[in-house]
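One structure is given here, and the rest of the page talks about it.
Read-outs throughout are calculated quantities, based only on the coordinates presented, and are distinct from any laboratory measurement. As the structure is a prediction and not an experimental result, all values here were calculated from the model. All Cβ positions, glycine included, derive from the backbone under ideal geometry; neighbour counts span all protein chains shown.
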Amino acid sequence: MNALTAIIAREGKIRATNLTFIFWDLFYPLGYLLVFGVGINASLGFATDPGVSYSAFFLAGVLSMASFGIASNTSWSFFLDRDNGIFYEMLTYPMSRPQYLLGKVLFNIGVATVQSAITITLAALLLGVPLRASGWPLLTAAVTIGTAGWFFFYALFALRIRRNDAFNTVTSIFYFIFLFASSMFYPLDPLPPALRVAAYANPITWQVDVIRYATIGMGDATQIALEAVAFLLFTAASFFAAIDALRNQE
Amino acid sequence: MPCDRPCSGKPGSRCYVSEMAIQVENLAKVFGRKRWATFRPGSGRPDIRAVDDLSFSVRRGEIFGLLGPNGAGKTTTLRILTTLVRPTAGTARVLGYDVVRHAVDVRTRIVVVIQEQAAELLLSVRDNLLTFARFHGLAGPDVRRRADHVLEILGLTPDAGRKPQDLSGGFRRRVQLAKVFMVDTPVIFLDEFSTGMDPILKRSVMELLRKEVANGRTIVLTTQVLTEAEELCDDILIIDHGKQVARGDLNTLKLLTEQVYEVALTFDRAPDNVDALVAGYHVVRRQIAQNTLLIALQESESRVLELVSTLAAQRRLLRLEINGASLEDIFIALTRKETAS
């Protein structure tokens, strides 16, 4: 328990030293929703289902993007810690390797939860996105597991790749593939078959669809359940692979 | 060895009693080539055997020095003992806890100053210490008071609110070392701890380290500064190519390198032909500073006196000093012998 609270306290202190970190952590997705979502809604008059605005549709995408972004930024902090030397020193502190990763992910889940609450509340107040209280438990679970899954996935690469520039290249490619070949920005039905298959094989799609179902009730319950299970498996596999990568830090 | 006596740990936790602080048996570490390197030209390069069948133990409450030339395997050995690297073969135990099987138990009982600089650059100096202490389960007013005391003794009080990213390398090293005094872990590992320290601070840190040992803590250190080891260490292990070259306290090591003498001659003017004059002798080390010639040589007493007479005949000799070997001479003589064999 000491180790987990110590890691959370450490991460919190580091984030609190910099206003940019705080803005990025808490308000960046909201800005995306306000600028990109409102822009598309106003200029293209986009609506997916009758009575569903693009802002309401895009809310799930923004929340998933936030999980994805937090994971990417936090995994980059492995490089920062490695450059500062503190990474290796921390590996001699009284904690196990899984505790180290869990502490980091718990902090990120906390940030993602606050970020989601701010985004959803202001989306409802400013853009009139309907709130669906019955979906909140599922939404919380999706944000929590989503953040953990992407963090472990990114950590796997951050721990295996030693060069900062190589990692940046990988994350740029990931951003492009995962975000655009998914249901984050648009519904998948009108897509060409190959792109649709790629999108359905994409864990971001699984997370977005679950969150979309939780926020505005869009989607088929059976398919959503399958996607939720698939994402859980993705998270578990990423966790064990990340632990293995951390144990092999020499 | 596990025991059934009550111990100070948490209820139900494993309790180990060990006379020795460190026990290392047939330890080996081989760094293999990357798998992809197999398909590259020149991939016939062998694996690197950084530690090779090393065995030693360290008694509680002593300062143990691990010495060796660059690439000897000192840091790898230390990284195995501090659970950063897993051994390829053999065992290593800290206070009876196996570094692989009971890594967290080991980490709970050690504090490590790694060779590289390590600091939380974005946190203040004081927060660096408090954050570290929290990992050892220490928080609250007592810890804050202790942090203030540690900042004071290491001359960091004026910089307590500054971030290490704004400090010089030497000050960052102080922050790193300050953590040793924030906790009471029984074993301290120091990898080249004095790098970047000024001589005055180094002296006061060495004094502080001696006090920690007097209070029952054990220190394992590596260093390239042999005078430091000579002054601090109760017991020394010299390794090269991952293997033991020599082991013992300073006097024992001197016995291993009998007939190594250090001769200092000060002339009114340094002789011109020193190289020619010492050519027939087995010189370990030679240095000319102004009018003083410092030679360490491995020869019989009569040969040493013969060389001194020859040199004294060249110029007016103002001062002569003949000593037994220093740790540096011993180190050079032993590691040379090892390399030659």
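Using only helices, what value at 222 nm comes out for chain A when you add -39,500 (n - 2.57) per DSSP H run of length 4 or more and divide by the total residues, to the nearest 500 deg cm²/dmol?
When only DSSP H runs of four or more count, the value is -24500 deg cm²/dmol.
How would segment A:169-250 be classified by its alpha-carbon gyration tensor: rounded, prolate or oblate, with rounded meaning a/c under 1.5 and the a/b versus b/c comparison settling the rest?
Here segment A:169-250 falls in the oblate category.
Using a Förster radius of 35 Å, what is the FRET efficiency between A:D244 and A:F176 based on their Cβ-Cβ separation? Nearest 0.05, please.
0.85
Taking only DSSP H segments of four or more residues, each worth -39500 (n - 2.57), what value at 222 nm results for chain B once the sum is divided by all its residues, to the nearest 500 deg cm²/dmol?
My calculation for chain B gives -9500 deg cm²/dmol from helical runs alone.
Would you kindly state how much longer the chain becomes between B:V100 and B:K243 on full extension, computed as 0.36 nm times their sequence separation minus their alpha carbon distance, in nm to one decimal?
Stretched fully, the B:V100-B:K243 segment lengthens by 49.4 nm.
B:A89 to B:D142: extension gain in nm, 0.36 nm per residue of separation minus the Cα-Cα distance?
14.8 nm
Report, for chain B, the % of DSSP beta bridges that are antiparallel, rounded to 5.
Antiparallel bridges make up about 70 percent of those DSSP assigns within chain B.
Straight distance only, please: which lysines reach the Cα of B:K29 with their own Cα at less than 29 Å, same-chain residues fewer than 8 apart left out?
Here the lysines satisfying the reach criterion relative to B:K29 are B:K74, B:K179, B:K243, B:K337.
Can you give me the angle between helix A:97-127 and the longest principal axis of chain A, using Cα atoms only, in degrees from 0 to 90, rounded to the nearest 10?
That helix lies at roughly 30 degrees to the long axis.
Measuring from the lowest to the highest alpha carbon on each principal axis, how far does chain B reach, largest first, in angstroms?
Cα spread of chain B along its principal axes, largest to smallest: 75, 52, 50 Å.
With labels modelled as points extended 7 Å from the Cα through the Cβ direction, what inter-label distance (nm, one decimal) is found for B:E321 paired with A:W76?
Reported label-point gap for B:E321 and A:W76 is 5.8 nm.
Which angle from 0 to 90°, rounded to the nearest 10, does the C-alpha axis of helix B:327-340 make with the longest principal axis of chain B?
Once rounded, one gets 90 degrees.
Quick one: 3J(HN,Hα) in Hz for segment B:264-271, Karplus 6.51/-1.76/1.60 with θ = phi - 60°, rounded, Gly and Pro as x.
10, 10, 10, 10, 5, 8, 5, x
Please tell me the relative contact order of segment B:20-252 in percent, rounded to the nearest whole number, where contacts are Cα pairs under 8 Å and at least six residues apart.
Once normalised by length, the contact order is 29 percent.
So how far apart, in nm, are the two label points at A:A201 and B:S168 if each is 7 Å from Cα heading toward Cβ?
5.8
Just tell me the longest site-free run in chain A, where the sites are trypsin sites (Lys or Arg not before Pro) in a DSSP loop having at most 11 other beta-carbon atoms within 10 Å.
Here the longest run is A:1-161.
Separation of segment B:127-199 and segment A:157-171 by C-alpha centroid, Å?
So the separation of the two Cα centres works out to 31 Å.
List, in order, the whole-Hz ³J(HN,Hα) value for each residue of segment B:147-161 obtained from phi through the Karplus relation with A = 6.51, B = -1.76, C = 1.60 and θ = phi - 60°; use x for Gly and Pro.
4, 4, 5, 5, 4, 5, 5, 9, x, 9, 4, x, 9, 4, x
Rounded to the nearest whole Å³, what is the per residue volume of the convex hull around the Cα atoms of segment B:258-324?
Per-residue hull volume (Cα only) is 71 Å³.
Using alpha-carbon positions, what is the distance between the centroids of segment A:187-250 and segment B:260-336, in Å?
For segment A:187-250 versus segment B:260-336, the Cα centre distance is 76 Å.
For segment A:83-235, what is the convex hull volume of the alpha-carbon atoms per residue, in Å³?
145
For labels at A:A133 and B:A270 in the simple 7 Å Cα→Cβ model, what's the distance in nm?
So the label points at A:A133 and B:A270 sit 9.0 nm apart.
For chain A, take the longest principal axis of its alpha carbons; what is the angle in degrees between that and the long axis of helix A:164-174, to the nearest 10 within 0 to 90?
20
How many percent of Cα pairs in the protein assembly as shown exceed 45 Å?
Roughly 35 percent, rounded to a whole number.
Take every residue in peptide A:7-15, count the Cβ atoms of other chains within 10 Å of its Cβ, and give the average of those counts.
Per-residue shielding by partner chains comes out at 4.
Using Cα centres only, tell me the gap between segment A:87-117 and segment B:210-231 in whole Å.
35
With r as the distance between the Cβ atoms of A:T140 and A:L19 and R0 = 25 Å, compute the FRET efficiency 1/(1 + (r/R0)^6) and round to 0.05.
Efficiency at R0 = 25 Å is approximately 0.35.
Using R₀ = 51 Å, calculate the FRET efficiency as 1/(1 + (r/R₀)^6) where r is the Cβ-Cβ separation of B:R49 and A:A221; round to 0.05.
0.30
If the viscosity is 0.890 mPa s and the temperature 25 °C, what translational diffusion coefficient in µm²/s does Stokes-Einstein give for segment B:95-164 when Rh comes from Kirkwood over Cα pairs?
In µm²/s, the coefficient rounds to 180.
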